[in-house]
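Undergrad: This structure is in structure tokens; I'll ask about it shortly.
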Amino acid sequence: MPASDSENFREGGSPTVARFGDTHWSVILSAMNKQRPAEATDARERLCRVYWPPLYAYIRRLGESPHDAQDLTQAFFARFLDKDYLAAVDQAKGRFRSFMLAALKHFLANERDKQRAQKRGGGFAFVPIDFHNAETHCGFEPSQNLTPDIIFQRRWAAALLEQSLARLRSEYAAAGKEDLFEQLKETLTEGRSTIAYAALTAKLQISEAAVKMAVHRLRQRYREAIRSEIAATVAHPSEIEDELREVLRAFAA
């Protein structure tokens with residue numbers, strides 16, 4: 001992650017997470033709620049969508065082929081939901097990403113003791129997993145000396161940022177400002193001193209002051225989106241800052 005991304009996370013103090021509607025642990029609690037099956041299904045889909053890329057990358061780094069890694073990832077999520085692994089989650093025992101990685105390691109250990117007969121997760125299609133581009137997003141190059149755990153951390157951080165960006169895009173689209181978002185999104189990974197305000201002014205046909213305000217608001221909302229994504233999977237709000245630091249460390253590894 002560029003140094004400017006760190007600046008994006010920290011500038012402007014601590015935005016209010018609640019503006020995105022999620023409280024700490026809310027997604028996981030919703031996924032565990034058997035009294036509201038529709039909400040539980042949506043929450044589980046969200047969790048799977050965020051966590052399959054780092055889990056897939058972890059499996060690939062263990063030396064599995066793309067085909068076998070796809071089978072194992074699908075099979076893991078099939079087992080994860082069928083056996084109700086979420087029932088074992090204790091929010092007092094740490095972060096959800098740690099639980100997911102531990103669950104995968106346990107699953108893989110069991111898989112080594114039996115023949116893989118399941119094809120692509122046994123037809124499991126609870127979450128549409130885009131394996132087509134997975135290889136370019138694993139988070140490592142063959143020449144890099146990165147452990148599977150580091151790969152998992154890096155891909156988890158990338159997935160979190162991607163999810164945050166997707167939420168932000170949806171918010172701007174709902175407000176009829178998707179074009180503004182597309183024009184300004186590159187500023188999210190730039191330092192304030194390197195943003196080409198003059199070029200953006202020409203493209204958007206608005207004053208430079210208006211461009212600067214729009215960029216400021218976008219970056220602020222991005223920070224809030226990231227904090228909200230993190231807040232949804234930690235046991236206590238006090239852990240959000242630690243997770244932000246983990247995101248930065250993941251890209252520095």
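Undergrad: Quote the accessible area belonging to W52 in square angstrom, nearest 10, computed with a 1.4 Å probe and with ligands, DNA and RNA left uncounted.
TA: Approximately 30 Å² for this residue.
Undergrad: HN-Hα J couplings of segment 164-169 from phi, Karplus 6.51/-1.76/1.60, θ = phi - 60°, integer Hz, Gly and Pro as x?
TA: Once θ is set to phi - 60°, the couplings for segment 164-169 become 4, 5, 5, 5, 5, 4 Hz.
Undergrad: Here is a follow-up. Between beta-carbons, use under 13 Å as the cut-off and find the net charge around L62, counting Lys and Arg +1, Asp and Glu -1.
TA: 0
Undergrad: Among E239, E229, what's the order by accessible area (1.4 angstrom probe), most exposed first?
TA: Accessible-area ranking of E239, E229, largest first: E239, E229.
Undergrad: How many percent of all Cα-Cα pairs in segment 144-253 sit more than 20 Å apart?
TA: Cα-Cα pairs of segment 144-253 separated by over 20 Å account for 49 percent.
The values are calculated or read from the model by the stated rules, or taken from the named source; none is laboratory data. Everything numeric in this text was worked out from a predicted model, so none of it was measured. For neighbour counting, all protein chains shown are included, and Cβ atoms are generated from backbone atoms with ideal geometry for every residue, glycine included. Areas reflect the complete protein model, heavy atoms only, side chains present, ligands, DNA and RNA absent. Shrake-Rupley method; radii C 1.70, N 1.55, O 1.52, S 1.80 Å.
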